[in-house]
Amino acid sequence: MKYKILADSKSLYEFADQKTSQAVMDALIINGKETTYNFNKILYIQNQKNIEGNIISTIETPVLTVGGKLFISQSLKNIFEKYDVIGEYFEAQVKANGTAFNEDYFLFNPLTGSNCLDYKNSTYNKIYDDWSKIFNISKITHLKIEEHKTPNNAPLFFLGQFPYKENDNRILEKIIFIREDLAKEIKDAKILGVNIFEIENYSYNWKWL
C-alpha cells in the first residue's frame, strides 16, 4: 500500500465564536471546488471543551482541524509545494485564546479527489438523501481503497469526488491520503503535531480513542 492517511494531532479544535465560524463558512471551501477568497480577519480558535486535558499549542501544532476545515502551517505548506500537491492555500491569522501561533497558517483546500473506496471490502453506513438524491457514506470502520483508482499517482488527494451527480456516493468523512514518499518527507522534517496512519488502522472514531 503506497498511500497513508494524514491527520491532525489528537487535540481537536473549534472556532471560538460564531463570527469566526461564519468567516470560514463564507469562504465556501468545498473539496475539489476552486474558490477565490481572502481572510481579512483573525481566526480565533479554542480547544474542544468536551475533551478532558485537551491543550492547544501555538508552537508545535502545524496542522489544525477546526470545524471540519484543515489549516496547515507554513512549514507544512512548503513541503506540499515541493511535492506539487494540487490545492488552494488561503492565508489566515490564527489565534488561540488570544495568543498568535508560531507560524503563519493557511486554510488548505485540496483540489484532487478520488472515489476509490473499496465498497465491497469496506465497512460503512450508506443512507439515501431524498433531497439531494445522493447516497451518504459515513461511519467507515473498516477502510479499504482501490489503488488503481487513485488519481495519476497524486502525492495527496481526498476520498470522494466533486461535483456530485444524482445517485452518486457522497463520502461525509474528511479523509486525506498522502503518498509514501511525501509521508516520509514530513516525518524526516520532524514536524510535530502531524499524525500519519496506515489505512488499515482507520476508523471514523479513532480521534476520540
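The values are calculated or read from the model by the stated rules, or taken from the named source; none is laboratory data. Note that the structure is predicted; figures quoted are calculated from it, not measured. Backbone-built Cβ (ideal geometry, glycine too); neighbour counts: all protein chains shown.
Cβ-Cβ under 9 Å, sequence separation 6+ or interchain: first residue in the stretch 176-196 and at positive phi, partner of a type in the set (A, V, I, L, M). Which pairs?
These pairs meet every condition: 193/63; 193/64.
Would you confirm, using the coordinates I've provided, whether residue 92 is modelled with pLDDT of 75 or more and surrounded by 14 or more Cβ atoms within 10 Å (Cβ to Cβ)?
Values: modelled with pLDDT of 75 or more: yes; surrounded by 14 or more Cβ atoms within 10 Å (Cβ to Cβ): yes.
Yes: the conditions hold for residue 92.
Filtering the stretch 185-202 down to residues that are loosely packed, with under 15 Cβ neighbours inside 10 Å and out of contact with any strand residue (DSSP E or B) (no Cβ under 9 Å at 6 or more places or on another chain), which residue is nearest to residue 146 (Cα to Cα)?
Within the stretch 185-202, the match that is nearest to residue 146 (Cα to Cα) is 188.
Do you know which of the residues in the stretch 137-169 that are loosely packed, with under 15 Cβ neighbours inside 10 Å and polar (S, T, N, Q) is modelled with the lowest pLDDT?
My answer is 167.
Can you find a residue in the stretch 135-155 that is outside the structural domain of residue 76 (by TED's automatic domain parsing) and within 20 Å of residue 75 (Cα to Cα)?
Filtering the stretch 135-155 for residues outside the structural domain of residue 76 (by TED's automatic domain parsing) gives 135-155.
Cutting the leftovers down to within 20 Å of residue 75 (Cα to Cα) gives us 155.
For the stretch 135-155, residues outside the structural domain of residue 76 (by TED's automatic domain parsing) and within 20 Å of residue 75 (Cα to Cα): present.
Can you list the strands (runs of 3 or more DSSP E) found entirely within the stretch 93-209 that contain at least 2 residues being touching a Pro at 6+ places or on another chain (Cβ under 6 Å) and of a type outside the set (D, E, K, R)?
156-159
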